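All remarks here apply to the structure that follows.
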């Protein structure tokens with residue numbers, strides 16, 4: 001015998017009719033049936049039991065069948081109602097159908113007729129329930145899709161905001177602000193690894209930290225949890241009682257610490273905290289890790305930018321020193337050339353005594369070479 005969890009509410013004051021419907025027709029098929037004797041009790045039973053189908057005798061005591069249907073409609077019940085009437089009450093049956101009844105049985109009825117009407121009504125109930133479930137799932141899917149779309153837009157906006165910045169102060173502030181927005185957090189801060197002390201992390205940026213914590217800006221800050229993440233290199237979320245072991249519990253009741261890595265090495269730590277015990281779920285952790293990935297790219301870019309600036313400054317400084325040296329050498333060489341040229345001119349003009357023809361030619365050759373060297377010196381100027 002098949003067992004059914006479907007519940008049928010029968011409103012019937014005649015025990016003989018109830019016996020046929022319940023014991024002979026429905027119970028053998030596994031249906032659960034609750035019998036009430038009058039319409040007044042039926043409304044209360046319907047509210048308490050939420051039946052899958054109601055069979056209501058138009059001739060039951062209390063409210064009339066038509067008044068009962070009006071009462072059901074006022075309560076916005078969504079179960080089908082089958083009215084039971086004598087064969088001479090067909091006109092009344094038509095009125096109940098207009099008032100919302102889903103089907104009818106004319107008494108006396110055979111067991112097969114009772115079962116057929118009940119099963120048809122229950123199929124309608126199942127169909128309506130399936131539609132509700134489908135509608136609910138579609139609504140949930142739409143909400144989930146909308147949520148994920150918002151998250152992606154948020155992450156892209158944060159990525160664009162942090163990647164385009166080379167100024168460290170602005171960069172750090174945007175990373176913390178973005179992380180707090182994603183996690184709906186009350187506080188957030190960024191710890192940057194101290195390059196002089198590999199296991200120490202300095203407070204680089206913060207939002208909404210109490211003064212006693214915020215005054216440690218650019219100084220080492222150990223909140224009790226971040227050091228664990230620095231060692232493990234894995235995101236850690238803690239809330240409730242386990243958090244009370246750490247000093248960070250003075251700030252809130254739910255915290256997540258995300259490592260920011262470069263080449264699998266932790267270079268910074270991103271921390272967000274909620275004041276209420278509202279755990280940070282895995283999907284939010286994933287978003288925070290995406291923020292950390294953008295932050296990693298930005299931090300590396302900022303480091304490269306600073307290194308390039310320092311290299312450029314050093315190069316410019318070396319260039320200046322080189323130009324100064326060249327200028328000094330040029331000046332010294334020019335003076336020496338002028339002195340040598342003056343002496344050769346004196347000899348060539350015979351002011352220091354008569355020269356032989358061979359000596360004059362040698363002096364002319366030397367003077368021409370000096371002149372060429374002087375011209376080279378004139379055009380060899382330092383790079384500006």
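Values in this text are rule-based calculations from the coordinates and carry no lab data. Note that this is a predicted model, so its numbers are computed, not measured. Virtual Cβ from ideal backbone geometry, glycine too; neighbours counted across all protein chains shown.
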(request) Using only Cα atoms, locate the centre of the stretch 186-204 and the centre of the stretch 259-296, then give the distance between them in Å, rounded to an integer. (result) 14
(request) Work out, step by step, the length gained on full extension between residue 219 and residue 97: first 0.36 nm times the residue separation, then minus their alpha carbon distance; give nm to one decimal. (result) 35.9 nm
(request) Can you pull a Stokes-Einstein diffusion coefficient for the stretch 161-308 at 4 °C (1.567 mPa s), Rh from Kirkwood over Cα pairs, as a whole number of µm²/s? (result) 86
(message) If I model a spin label at residue 131 and residue 364 as a point 7 Å from the Cα along the Cα→Cβ vector, what separation in nanometres do I get?
(response) 12.1
(message) Based on the alpha-carbon set only, what is the convex hull volume of the stretch 7-131 divided per residue, in Å³?
(response) 94
(request) Quick one: order 299, 236, 221 by neighbouring beta-carbon count within 10 Å, fewest to most. (result) 236, 221, 299
(request) Sort 300, 182, 272 so the one with the fewest other Cβ atoms within 10 Å of its own Cβ comes first. (result) 300, 182, 272
(message) Between residue 111 and residue 75, what is 0.36 nm times their sequence separation minus the Cα-Cα distance? Round to one decimal in nm.
(response) 9.9 nm
(message) Suppose R0 equals 30 Å. What FRET efficiency, 1/(1 + (r/R0)^6) with r the Cβ-Cβ distance, do residue 212 and residue 170 give to the nearest 0.05?
(response) 0.75
(request) Report the relative contact order of the stretch 161-308, percent, no decimals, based on alpha-carbon pairs under 8 angstrom and at least 6 residues apart. (result) 27
(message) Using a 7 Å offset from the Cα along the Cα-to-Cβ direction at both residue 231 and residue 14, what is the distance between the two label points in nm, to one decimal?
(response) 8.3
(message) Semi-axes of the equivalent ellipsoid for the stretch 164-205, please: Cα gyration tensor eigenvalues, times 5, square-rooted, ordered largest first, whole Å.
(response) 21, 14, 6
(message) Using Cβ contacts closer than 10 Å as the measure, can you line up 219, 275, 66 from fewest to most?
(response) 219, 275, 66
